[in-house]
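**Student:** Got a structure for you, written out below as structure tokens; questions coming shortly.
Read-outs throughout are calculated quantities, based only on the coordinates presented, and are distinct from any laboratory measurement. Every value quoted in this text rests on a predicted model; they were computed, and no experiment measured them. All Cβ positions, even for glycine, are placed from backbone atoms using ideal geometry, and neighbour counts span all protein chains on display.
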Amino acid sequence: MELKNFVFIPVFFAAVYFFITSCRRLLSQLKVAKEENRFDSPGIRIKNVLTVAFGQSKLLREPLAGLLHFFIFWGFMLFGVAVVEGFIQGFYSPFNLEFLGPFYSLVTFTQDFLGLLVILAIIISLYRRFVAKVKRLDVDKEGKLDAAFILSLILLVVVSMFGQNISHIAKNGFIFADFEIRPISGALASLFYSVDPVTGEAGSAPVLYEIFWWMHIVLILGFLNYLPYSKHLHVITSIPNVYFSKIGDKKYALEKLNLEDESADYFGVDDIEKLTWKNLLDGYSCTHCGRCTAACPAANTGKSLSPRKIIVDIRARTAEKAPLILAGLADDPKMGNTLVHNYITETELWQCTTCMACVQECPVMIEHVGAIVDMRRHLVLTESNFPAELNPVFKNLETNYTPWAFNQAERADWAEGLDIKTMAEDRGGEYLFWVGCAGSYDNRYKKVSRAFAQIMQKGGVEFRILGTEEKCNGDTARRLGNEYLAQMLVQENVETLNNYGVKKIVTACPHCYNSLKNECGQFGGNYEVKHHSELINELIQSGKIKVDAGEKEEVVTFHDSCYLGRYNDIYDAPREVISSVKKNELTEMERNKSRGFCCGAGGGRMFLEDVEGGRINEERVREALETNPDTIGTACPFCMTMMTDGIKAKEKTEEVRVKDIAEIVFENLK
């Protein structure tokens, strides 16, 4: 053994011990939170890791930043081979990976090539953050220093790797090992070193090799041990966080609260121990990249809410309170603080539209919306603390089974003269048409209900309605945190549907669609649910209904409903319906499909006033008007209302119409 081996071994084991101790500290903090089973379906979870974590699929949605991170990520992954080689050399100096044969060629060439790309990526990243000052990357002073330090460490790790390889090549007289391919390092070695023609020695190369070797090893061990205390902890936790993310068709469904637990002294979440361990892991995994806040409609219109801040606050409160809980320091003054109020304000929580844009854009699968709704639940159910304008909404839902002050006896009046039977009159029919509150009472959207009903009749679809037995689906109450009221409505609806033996449902409201399809199963209601865009498209494609095929004369832009698109991946059906009317020229807004911008009405925001910042619907209408449309197409009653109000605010009611896709088809039926 050489001297460096005697020095390296204790340094290595001390660094590993310190790192393991830090990881155990972090894992122990997760234990203060509630348990949650995220260990099911390992095959699906591994697939997520391969596509999202290793494939960087979400990061690559933003090409430049995605490619920069892709090269840094994969550079580090592949540099891991060199790190392993260096660690083994610390125990036994002559060791190398030449025995890998042809695979060694791939390893050495890839390290050389990716090393250069990583250096370029870091330089560009530093430029974007500190010179170009990309808005979403703007963080506090501590965050900026941390980002600069981490990027500089990565840069030094790569530079030291090149220094080690370059000096090693020169030390060996510029003779490469079998299967060793290092074109960049070889060229640089020739530039920085020369071999004495008499002695055959490469000057200072042997000494510099040892310097760069130690530099590389110390930087790696230092980097590893800094991460658990850094805002870049995601380097360690992001892959596990992706693995444990929600999966399946119902991944965006809210969790059901056990309201029958008589021993419970609270409902919802006001502090970290009432969150789940996955929520705390989300806090560890936040990359501070700002993609969530950049996509957030509230943040985009000057409101206080920042999804990134919500997650950063969860981590900060975890760091403050978890050690106190674990140490049993119940009397510490910091225990008197709470996540809600002391870190996260009520104003922020009530500004969320639950549009899921933050979750969609997060590269490490953080679940912002579920945590926000859980905190709303605490405000409503435990503190009875919510905006005053929600009082009539909750009262109407409880007494009239609709958010508005309409009489339940009038729920089926929209269908007058259409010869539509209720389930009470005749249980036959293939589909139950779930009309929804807006489709039953709102004067504008009643026209959509009538148009869709007549389309189904024209297409030979046998359907029924519940009429006065239908009640609000509970989505509004649930997203506003009133789980008690929501469960009452859902349970009563499920009981009615099951009593009639309903199997297939169609609805024009994405909020009803999402509730019936993804959340009623928690209450014993399992149905095949279709959105009206899907059924209309099927009728057109099968030839059961036909639309006019005139010349193109009307420009239509389509606004994606968040609950139809991001929640349920229905993007193509409404567009195909619009395009089936040949006179329509479909044009897209800049933000469309999975990157669509919310109308501002989701999450119960339909019933709350904007007291801060601009109006989300007006921002969306501004974007729609940039396409110079004749018509803004919608597929949601909330979206229709918000787009219509936005058009009025922009004083464009004479030039631009807002129509549901059912109306567009109905007006052009042959």
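**Student:** Check Val547: other-chain or 5+ apart residues with amide H under 5 Å from its amide H, H built from backbone geometry?
**Tutor:** Hits under the 5 Å cutoff: Lys670.
**Student:** At 10 °C and 1.306 mPa s, grab the translational diffusion coefficient of the range 390-538 from Stokes-Einstein with a Kirkwood Rh over Cα pairs, rounded to a whole number in µm² per second.
**Tutor:** In µm²/s, the coefficient is 104.
**Student:** Report the Cα centroid-to-centroid distance between the range 540-586 and the range 313-331 in angstrom, as an integer.
**Tutor:** 52 Å
**Student:** Once fully extended, how much extra length lies between Asp178 and Lys135, figured as 0.36 nm per residue of separation less the alpha-carbon to alpha-carbon distance?
**Tutor:** That pair, Asp178 and Lys135, stretches by 10.6 nm at full extension.
**Student:** Something else about it: Give me the log10 of I(q) over I(0) for the chain at q = 0.06, 0.07, 0.09 Å⁻¹, as the Debye formula computes it from C-alpha points; what are the numbers?
**Tutor:** After summing over all Cα pairs, the log10 values are -0.44, -0.57, -0.85.
**Student:** Once you treat every alpha carbon in the range 185-290 as an equal point and sum by Debye, what is log10 I(q)/I(0) at q = 0.18, 0.23, 0.25 Å⁻¹?
**Tutor:** Computed log10 I(q)/I(0) values: -1.03, -1.25, -1.33.
**Student:** Considering only Cys562, Phe638, Ile664, whose Cα is most displaced toward the positive end of the charge dipole of the range 547-666, charges sitting on Cβ of Lys, Arg (+1) and Asp, Glu (-1)?
**Tutor:** Positive-end residue among those listed: Cys562.
**Student:** Give the separation of the Cα centroids, the range 463-501 to the range 79-146, in Å.
**Tutor:** 55 Å
**Student:** Apply the a/c threshold of 1.5 to the C-alpha gyration tensor of the range 71-116 and tell me whether it is rounded, prolate or oblate.
**Tutor:** Oblate is the answer for the range 71-116, as a/c is 1.5 or above yet b/c matches or exceeds a/b.
**Student:** Please give me the summed charge of the neighbours of Lys504: other residues whose Cβ is under 14 Å from its Cβ, Lys and Arg +1, Asp and Glu -1.
**Tutor:** Within the 14 Å Cβ shell, the charges total 0.
**Student:** Cross-link partners among lysines for Lys34, C-alpha distance below 20 Å, same-chain residues fewer than 8 apart left out?
**Tutor:** Lys246, Lys251, Lys256, Lys274, Lys278, Lys321
**Student:** Where both partners of a DSSP beta bridge lie in the chain, what percent of those bridges are antiparallel, to the nearest 5?
**Tutor:** The antiparallel fraction comes to roughly 5 percent.
**Student:** What's the angle, to the nearest 10 degrees (0 to 90), between helix 532-541's Cα axis and the longest principal axis of the chain?
**Tutor:** Long axis of 532-541 versus the principal axis of the chain: about 90 degrees.
**Student:** Output the relative contact order of the range 547-666, whole-number percent, from Cα pairs under 8 angstrom with separation of 6+ residues.
**Tutor:** With pairs under 8 Å counted, the relative contact order is 32 percent.
**Student:** Find the relative contact order for the chain and round it to a whole percent, using C-alpha pairs within less than 8 Å whose residues are 6+ positions apart.
**Tutor:** Contact order relative to length: 12 percent.
**Student:** When ranked by the protection proxy of mean other Cβ atoms within 10 Å per residue, highest first, what sequence do the peptides 519-530, 250-261 form?
**Tutor:** 519-530, 250-261
**Student:** Set the Förster distance to 60 Å, then compute FRET efficiency between Glu2 and Ser263 from the Cβ-Cβ distance, nearest 0.05.
**Tutor:** It comes out at approximately 0.40.
**Student:** May I pose another question? Using a 10 Å cut-off on Cβ atoms, rank the peptides 609-621, 373-385, 275-287 from the highest mean neighbour count down.
**Tutor:** Put in order of decreasing packing, that is 275-287, 373-385, 609-621.
**Student:** Select from Cys296, Ala319, Leu329 the residue farthest towards the positive end of the dipole of the range 272-382; place +1 on Cβ of Lys and Arg, -1 on Cβ of Asp and Glu, and compute about the Cα centre.
**Tutor:** Cys296
**Student:** Report the calculated FRET efficiency for Phe54 and Lys246 (r = Cβ-Cβ distance, R0 = 25 Å), to the nearest 0.05.
**Tutor:** 0.85
**Student:** With everything on Cα atoms, drop me the angle between helix 443-458 and the longest principal axis of the chain, reported from 0 to 90° to the nearest 10.
**Tutor:** Orientation of helix 443-458: about 90 degrees from the principal axis.
**Student:** Against the longest alpha carbon principal axis of the chain, how many degrees, from 0 to 90 and to the nearest 10, is the axis of helix 183-192 turned?
**Tutor:** The angle comes out at about 40 degrees.
**Student:** I want to check the label-to-label distance for Leu67 and Lys582. Put each point 7 Å from Cα in the C-beta direction and report it in nm to one decimal.
**Tutor:** In this crude label model, Leu67 to Lys582 measures out at 4.2 nm.
**Student:** Still on this structure, please answer the following. How large is the charge dipole for the chain, taken about the Cα centre, if only the Cβ atoms of Lys, Arg (+1) and Asp, Glu (-1) carry charge, to the nearest 20 debye?
**Tutor:** The dipole magnitude comes to about 760 debye.
**Student:** Moving on. Could you give the length gained by full extension between Asp569 and Asp426, i.e. 0.36 nm per residue of separation minus their alpha carbon distance, to one decimal place?
**Tutor:** Stretched out fully, the Asp569 to Asp426 stretch lengthens by 48.1 nm.
**Student:** So for the range 272-382, Kirkwood radius off the Cα pairs, Stokes-Einstein at 10 °C and 1.306 mPa s: how many µm² s⁻¹?
**Tutor:** The diffusion coefficient I find is 111 µm²/s.
**Student:** I've got another one for you. Under a crude label model (7 Å from the Cα following the beta-carbon direction), how far is Ala330 from Glu609 in nanometres?
**Tutor:** 4.4 nm
**Student:** Along the charge dipole of the range 332-416, pointing to its positive end and built from +1/-1 on Cβ of Lys, Arg, Asp and Glu, which listed residue (Asn342, Pro403, Asn385) has its Cα farthest out?
**Tutor:** So the residue furthest toward the plus end is Asn342.
**Student:** Could you work out the helix-only [θ] at 222 nm for the chain, with each DSSP H run of four or more residues adding -39,500 (n - 2.57) and the total divided by the number of residues, to the nearest 500 deg cm²/dmol?
**Tutor:** Rounded to the nearest 500, the figure is -15500 deg cm²/dmol.
**Student:** Under a plain spin-label model, where a point goes 7 Å from the Cα along Cα-to-Cβ, how far apart in nm are Glu554 and Ser28?
**Tutor:** 6.8 nm
**Student:** How much length is gained if the chain between Ala649 and Lys47 is pulled fully straight, taking 0.36 nm per residue apart and subtracting their Cα-Cα distance, in nm to one decimal?
**Tutor:** 212.1 nm
**Student:** Please report, in debye to the nearest 20, how large the charge dipole of the range 37-243 is about its Cα centre when each Lys and Arg carries +1 at its beta carbon and each Asp and Glu carries -1 there.
**Tutor:** In debye, rounded to 20, the range 37-243 gives about 1180.
**Student:** Could you calculate, for the range 547-666, the ratio of the Cα radius of gyration to the Kirkwood radius, expressed as Rg to Rh?
**Tutor:** Radius of gyration over Kirkwood radius for the range 547-666 works out to 0.96.
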